[in-house]
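Here's the structure we're looking at; comments come further down.
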């Protein structure tokens with residue numbers, strides 16, 4: 001059914017145009033799956049539409065924006081949210097994260113992903129880019145919740161908790177891609193973990209799979225100073241130079257973090273049209289030290305977006321919050337308040353294109369709260385004043401999935417069951 | 001009426017003890033105004049209380065914490081929220097903030113303060129420390145909303161938009177203190193603006209007033225590199241040394257920011273038991289550059305708390321968000337994830353003592369949200385996962401002011417009227 005949102009106080013579109021007192025009409029052609037979004041005044045009166053054929057949403061005291069996109073995360077780590085914080089990275093991984101991840105079954109990952117997808121939907125995130133083992137369970141949870149997932153099949157030389165054999169992993173990765181490549185709201189992806197956990201051969205094989213099926217590649221890149229220095233010492237190249245030398249860089253590559261990179265490396269990324277996902281909250285929480293070179297990236301025209309990273313190093317999946325953290329971090333880092341401006345971070349937050357989804361989703365923010373008043377500049381209020389809980393309505397591919405802050409397809413009983421399952425799963429953690 | 005909160009999932013007290021499956025009983029002696037808070041299991045059954053004499057609140061899927069305290073802010077700047085962002089500090093002040101502040105009447109300030117007090121109440125802030133002109137209007141708004149306010153009467157050598165004459169200002173400040181000193185939930189305070197806007201004589205007179213009436217002093221200190229360098233060049237002293245030299249430092253002094261200070265200055269602040277309010281969000285947004293030396297402050301035992309600063313440089317009044325920003329900033333700044341740990345920032349957020357209020361308030365967080373599940377460590381979920389909108393119930397001095405996320409004493413019509421008034425006020429802004 002087509003959706004008409006009437007009398008919105010504000011709307012911001014994907015090009016950051018701002019509209020006041022406007023209607024939005026969302027129509028979906030069921031044959032072509034094409035979504036059209038029209039904005040204008042009195043759309044009902046002007047069109048030949050019949051009220052009976054429409055789902056009508058009251059836009060009073062609301063602001064419409066495009067769907068938010070969480071472009072680097074590990075969703076099932078919801079299960080590990082808050083299990084350990086304020087620790088040195090290596091201790092945190094070795095003592096708390098890896099041992100407990102080793103205990104997870106596919107079913108556990110499914111429930112963790114379900115919880116995370118619901119959190120994202122609640123917070124207006126309509127598409128994400130994930131990397132975690134048991135990716136087929138993440139697909140299952142994503143389809144159940146109804147948002148759009150770019151789901152990476154993770155490849156690590158020494159295996160994942162799901163499968164310890166590299167050849168088998170690569171084989172399973174291909175099967176995974178074949179199984180889900182036709183899905184409308186799922187993009188299966190090859191996800192070699194990082195240059196310090198995947199050999200040259202592994203990266204090359206991943207690239208070959210991605211080329212064969214025309215899917216994206218997703219990898220971690222230059223997140224910590226240690227991995228960069230180690231590589232420089234071993235082979236005399238920095239990670240970006242290395243990935244270029246083995247032919248991995250290209251416009252189908254999504255790289256997360258890129259906090260320890262030089263201006264030269266930024267130019268290399270730009271030359272190959274690599275997509276970079278900025279995860280400021282996680283980088284700060286893990287004290288990575290480096291800061292993604294925002295100004296240099298923008299100058300060179302690198303495609304940028306935002307990611308929360310996993311909820312164990314954030315500890316939530318809130319892109320509205322991440323926008324503010326990004327804006328603040330870059331101002332503080334450069335002693336320059338003009339950096340990380342409102343338009344820049346909004347563009348990053350709306351960028352689902354770089355993970356393979358056209359952004360034709362609509363999120364409504366509830367402006368009926370003291371902290372979102374007055375409105376001098378609605379874009380400022382979105383970036384600096386709002387948080388995920390201000391999301392009121394979420395429409396994904398022409399379907400209402402959240403309305404009045406309630407899940408449309410999921411009732412309280414079902415939600416309680418998920419919480420209950422999650423509580424059972426974490427009993428086995430140390 | 002006494003209040004019983006039954007079957008809370010979690011409670012965190014002022015000393016950061018964590019309780020599970022507990023009741024909280026809040027009793028208020030109307031004669032002595034003393035509040036008692038008892039925690040335990042099955043309190044109704046164990047006590048001689050009659051259900052009829054109690055307000056009973058269901059604690060299921062909730063976590064109780066002490067009231068949050070916003071220890072440095074300029075509340076009526078809600079009116080300027082989002083009017084300008086991403087600008088160089090001096091341009092921002094000269095072109096956007098000061099000219100528009102000059103247009104504000106007492107009535108305007110009242111409505112701005114009303115909006116800000118409601119925002120704080122909604123976000124679980126039960127006490128604040130403010131500095132803004134027309135402070136009597138801020139008192140009026142605070143009393144109407146019912147939270148507790150330490151309200152500074154601002155002193156600037158060249159006057160405020162309310163009064164341009166310094167002698168008159170100091171006179172009015174005394175009158176202000178006399179008028180409100182007996183109020184239970186208001187602490188009137190002398191607020192010399194900053195060492196670069198107040199002369200030595202002014203500071204000395206402010207100190208004398210504060211001593212005569214035994215009230216607190218509230219000032220900005222070492223917020224920007226410029227003011228510190230300027231003073232060093234002029235008089236060969238840094239701001240903390242200067243305030244010590246003129247006898248202003250003491251345990252009744254609350255200083256905001258302190259981002260450009262040396263280890264020696266930290267020791268001086270500690271020696272005089274000066275209270276420091278950390279405003280990480282505002283410092284980052286304005287690109288102040290300096291970072292409050294958290295580790296050194298803690299080492300020297302300085303009393304620390306958190307402030308949002310004004311909503312024009314934040315742009316909200318959310319101490320739950322500010323906790324996370326504080327934790328992230330210090331980790332990133334020192335490349336050390338153990339800094340700005342959960343306990344440290346919680347202690348700062350609960351510290352209403354340093355602005356003169358015993359913390360005997362209770363805030364309930366709603367844990368019935370995907371982003372607050374599971375709970376490995378409730379304190380971590382509060383700091384890293386929650387935001388102001390997760391606050392469900394607020395009890396100030398034994399009185400329920402927010403329940404089920406709705407204001408108890410303020411209805412929708414009244415709220416709409418405030419929004420309407422605020423919209424009218426900002427029409428005169430440039």
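The values are calculated or read from the model by the stated rules, or taken from the named source; none is laboratory data. The shown structure was predicted, so the numbers you read here are calculated from the model rather than taken from an experiment. All Cβ positions, glycine included, derive from the backbone under ideal geometry; neighbour counts span all protein chains shown.
What about residue B:409, is it in a helix (DSSP H, G or I) and more than 10 Å from chain A (Cβ to nearest Cβ)?
No.
For region B:74-91, which positions are touching a helix residue (DSSP H, G or I) at 6+ places or on another chain (Cβ under 8 Å) and surrounded by fewer than 20 Cβ atoms within 10 Å (Cβ to Cβ)?
Result: B:84, B:87.
Specify the residue that is farthest from the other protein chains (Cβ to nearest Cβ); the eligible residues are those in region B:46-87 that are at pLDDT below 95 and assigned to a loop (DSSP other than H, G, I, E, B).
It comes out as B:48.
Tell me which residues, restricted to region A:171-210, are under 23 Å from residue A:148 (Cβ atoms), without any contact (Cβ under 8 Å) to a residue 12 or more places away in the chain and not in a loop (DSSP other than H, G, I, E, B).
Selection gives A:175 alone.
Among the residues of region A:85-129, write down those that are at positive phi and in contact with a strand residue (DSSP E or B) (Cβ under 7 Å, 6 or more places away or on another chain).
Answer for region A:85-129, where residues must be at positive phi and in contact with a strand residue (DSSP E or B) (Cβ under 7 Å, 6 or more places away or on another chain): just A:124.
I need the full set of residues from region A:332-355 which are facing chain B (nearest Cβ under 7 Å), crowded, with 24+ Cβ neighbours inside 10 Å and in a helix (DSSP H, G or I), in order please.
A:332
When you check residue B:386 against the structure, is it at pLDDT 95 or above, closer than 18 Å to residue B:67 by Cα and at the interface with chain A (Cβ under 9 Å from one of its Cβ atoms), yes or no?
In short, yes.
Which numbered condition in (1) within 19 Å of the chain's Cα centre (by Cα); (2) not in a loop (DSSP other than H, G, I, E, B) is the only one that residue A:308 fails?
Among (1) within 19 Å of the chain's Cα centre (by Cα); (2) not in a loop (DSSP other than H, G, I, E, B), the lone unmet condition for residue A:308 is (2).
Restrict the check to region A:233-241 and report whether at least one residue is out of contact with any helix residue (DSSP H, G or I) (no Cβ under 6 Å at 6 or more places or on another chain), farther than 25 Å from residue A:132 by Cβ, in a helix (DSSP H, G or I) and touching a residue at least 12 places away in the same chain (Cβ under 8 Å).
Within region A:233-241, one or more residues are out of contact with any helix residue (DSSP H, G or I) (no Cβ under 6 Å at 6 or more places or on another chain), farther than 25 Å from residue A:132 by Cβ, in a helix (DSSP H, G or I) and touching a residue at least 12 places away in the same chain (Cβ under 8 Å).
Here is a check on your reading of the model: is residue B:238 at pLDDT 95 or above, surrounded by 15 or more Cβ atoms within 10 Å (Cβ to Cβ) and farther than 29 Å from residue A:332 by Cα?
no
Scan (1) within 8 Å of chain A (Cβ to nearest Cβ); (2) touching a residue at least 24 places away in the same chain (Cβ under 8 Å); (3) surrounded by fewer than 22 Cβ atoms within 10 Å (Cβ to Cβ); (4) closer than 30 Å to residue A:109 by Cβ for the single condition residue B:376 breaks and write down its number.
(2)
All but one of (1) closer than 18 Å to residue B:145 by Cα; (2) at pLDDT 95 or above hold for residue B:427; which doesn't?
The one condition residue B:427 does not meet is (1).
Look at residue B:82 and say whether it is within 23 Å of the chain's Cα centre (by Cα) and on the phi > 0 side of the Ramachandran plot.
Answer is yes for this residue.
If you go through region B:101-132, how many residues are surrounded by fewer than 22 Cβ atoms within 10 Å (Cβ to Cβ), in contact (Cβ under 8 Å) with a residue 40 or more places away in the chain and assigned to a helix (DSSP H, G or I)?
Total satisfying the criteria: 2.
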